[in-house]
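Below is one structure, written out as structure tokens; comments come after it.
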Number of protein chains: 2
Amino acid sequence: MTDSLDQNEKIKKLRELIKDIDIGMLTTIDEDGSLRSRPMSTNSQIEFDGDLWFFTDASSHKVTEVEQHHRVNVSFSDPHKQQYVSVSGQAQLVLDRNKLQELWKPELKAWFPKGLDEPDIGLLKVSVEKAEYWDASSSFVAHTISLLKAITTGERANTGKNEKVTFK
Amino acid sequence: MTDSLDQNEKIKKLRELIKDIDIGMLTTIDEDGSLRSRPMSTNSQIEFDGDLWFFTDASSHKVTEVEQHHRVNVSFSDPHKQQYVSVSGQAQLVLDRNKLQELWKPELKAWFPKGLDEPDIGLLKVSVEKAEYWDASSSFVAHTISLLKAITTGERANTGKNEKVTFK
């Protein structure tokens, strides 16, 4: 089966799926080597280039985990619509006040009652390297998006052709 | 917040959640160190002790991955019901004919048209070491279940007290 979507269309679809599903499961590698996941909300926000941001306690266990193993996965599932997303990337803690203010939403008060005055508040940024999505409307062909950035220049690398794999 | 459920009640709840959601995201470690996930169906089956079995192509890429890195995570999400499950364990390929016959269901023909006569058919077994679930009905306290087995004896180890963490 051919994958007829171009890179921009795939990123657009990826953003729509993540916005709709909103809560992903962030998988990290624990200090004992086991893989753990927990629900995290994107607050329906996703960067233009696919990067994800999650508000977090800066001293939480998952932050300790990503400081030791940067590689993470965030998966988004909607079994009712048969839509699934896998985002592979590298996570880092960001404490920049401007970014916190830019992304803050009032509904986050449920988790951070003092808002941006919470002493431990931070952001977990997932820099996306690769994403795949499966959508019932496309017969479970996986659409793969490579977003590897050239670290040295900050420019987006030429990502070459996209792969297709089948859902099984 | 206290976690008032005992181990058996937690396993019962875990099995119900996995049966209902059915399709999980299996996260593996790729050869380049990145974490990838893809949807996998449990066919609503889960072993008494929490182990998970997935029908698979024995020569698929994810099988190659788990043969190099046994540690995996399977997450189950139902954002509509606000139910989330994380299963941490070790995966292995199983080709035992009796087990294949025991777990086979006719609806699997969608993926394996020749049924158990498919030359490449196999099972991916995830031996569960730890599971956590979050359920809207319990205010997003994570219920943690330790299922570490004593490898040398095959007996279930004394798992000690359960941890509680909050959803954030």
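Is there a simple number for the mean count of other chain Cβ atoms within 10 Å of the Cβ of residues in B:58-65, and what is it? Provide the component values of the computation, followed by the final result.
Working: counts 0, 0, 3, 1, 2, 0, 0, 0.
Mean partner-chain Cβ count within 10 Å for B:58-65: 1.
Taking beta carbons within 10 Å but only from partner chains, what does the mean come to for residues A:109-116?
Details: counts 0, 2, 4, 1, 0, 0, 0, 0.
The mean count of partner-chain Cβ atoms within 10 Å per residue comes to 1.
Keeping all protein chains in position, work out how much accessible area A:ASP57 exposes to a 1.4 Å probe, and write it in Å² to the nearest 10.
Its accessible surface works out to 40 Å², give or take rounding.
What distance in nm lies between label points placed 7 Å from Cα along the C-beta direction at B:ARG15 and A:LEU95?
The two pseudo-label positions are separated by 4.7 nm.
At the nearest 100 Å², what buried accessible area, both sides summed, do you get for B and A when the probe is 1.4 Å?
3500
I want to make sure I understand the PRE zone here: with the label point 7 angstrom from the Cα of A:ALA136 toward its beta carbon, which residues in the stretch A:66-91 have backbone N atoms less than 15 Å away?
Under cut-off, by backbone N: A:77-85.
How shielded is A:23-34 by partner chains, expressed as the average number of their Cβ atoms within 10 Å of its Cβ atoms? All intermediate terms of the calculation are to be shown ahead of the outcome.
Numbers: counts 6, 5, 12, 2, 12, 3, 7, 4, 0, 4, 6, 9.
Mean partner shielding for this stretch: 6.
7 Å along Cα→Cβ for the label point: how many nanometres lie between A:PRO106 and each equivalent label in the other copies, listed shortest first?
5.5
Treating the point 7 Å from Cα along Cα-beta-carbon as the label, what are the nm separations from B:THR64 to the other copies, to one decimal?
3.6
Post the alpha-carbon centroid distance, the stretch A:95-144 to the stretch B:44-67, in whole angstrom.
30
Under the Karplus relation 6.51 cos²θ - 1.76 cosθ + 1.60, θ = phi - 60°, what is the ordered set of whole-Hz ³J(HN,Hα) values for the stretch A:27-43, x standing for Gly and Pro?
9, 10, 9, 7, 5, 8, x, 6, 9, 10, 10, 8, x, 9, 9, 7, 6
Give a residue-ordered list of calculated ³J(HN,Hα) values for the stretch B:109-114 (Karplus: 6.51 cos²θ - 1.76 cosθ + 1.60, θ = phi - 60°; whole Hz; x for Gly, Pro).
For the stretch B:109-114, the Karplus curve yields 4, 4, 9, 10, x, 8 Hz.
Please report the accessible area of A:PHE55 (heavy atoms, 1.4 Å probe, ligands and nucleic acids excluded) in Å², nearest 10.
Approximately 20 Å² for this residue.
Ordered shortest first, which distances in nm separate the 7 Å Cα→C-beta label point of A:LEU95 from those of the other copies?
5.4
Need one number: nm distance between label points at B:ASP6 and A:HIS61, each 7 Å from Cα along Cα→Cβ, rounded to one decimal.
2.4
Once neighbouring chains are kept in place and the probe is 1.4 Å, which whole percent of the accessible area of the stretch B:11-74 is contributed by carbon and sulfur?
Values: 1050 of 2280 Å².
Answer for the stretch B:11-74: carbon and sulfur cover 46 percent of the accessible area.
The values are calculated or read from the model by the stated rules, or taken from the named source; none is laboratory data. Owing to the predicted nature of the structure, the values given are computational and were not obtained by experimental measurement. Every residue, glycine as well, gets a Cβ built from its backbone with ideal geometry; the counts of neighbours run over all protein chains shown. Areas reflect the complete protein model, heavy atoms only, side chains present, ligands, DNA and RNA absent. Shrake-Rupley method; radii C 1.70, N 1.55, O 1.52, S 1.80 Å.
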